[in-house]
Amino acid sequence: MITWSISEMQRKETDGFVIHVCYRVDDVDGDYSSVATGECDYTQSGDTFIPYDDLTQDMVVGWVKESLGAENVAALEANLDAQIEAKQAVINGVPWTN
């Protein structure tokens, strides 16, 4: 299961406008997992924005996904799935302890 989260944000002290977001994407399938992290920068255009204290993680994850674009989001998630599949295809052990 893929989960997006926000690990850190930077904002302007004067008005709370978010200028930098660090995100994390976790993919878990049973005992196997993979992770990706990244950052997005934002610039203020206009005076209309959501007050900092009213932001939710879901809102900010939406911004990140929009910034990355649907194609890049799909590629990132597919890459995480592929990493897990590669881990699942590996078997540990030695042949003399069957």
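The values are calculated or read from the model by the stated rules, or taken from the named source; none is laboratory data. Because the structure is predicted, anything quoted here is derived from the model rather than measured. Ideal geometry is used to build each Cβ from the backbone, glycine not excepted, and the neighbour counts take in all protein chains shown. In case anyone asks, the SASA skips ligands and DNA or RNA and just uses the protein heavy atoms, side chains included. Shrake-Rupley method; radii C 1.70, N 1.55, O 1.52, S 1.80 Å.
Details
- Residue satisfying all of: in segment 49-98; among the β-branched types (V, I, T) and over 30 Å from K12 (Cα atoms); farthest from the chain's Cα centre (by Cα) among these: T97
- The criterion of being open to solvent by less than 60 Å² (accessible area, probe 1.4 Å) and not in a strand (DSSP E or B) does not hold for V25.
- Every test in (1) more than 9 Å from the chain's Cα centre (by Cα); (2) small (G, A, S); (3) not in a helix (DSSP H, G or I) is passed by G38 save one, and that test is (1).
- Residue check, E66 in a helix (DSSP H, G or I) and loosely packed, with under 12 Cβ neighbours inside 10 Å: yes
- None of D53, D47 is assigned to a helix (DSSP H, G or I) and open to solvent by 70 Å² or more (accessible area, probe 1.4 Å) except D53.
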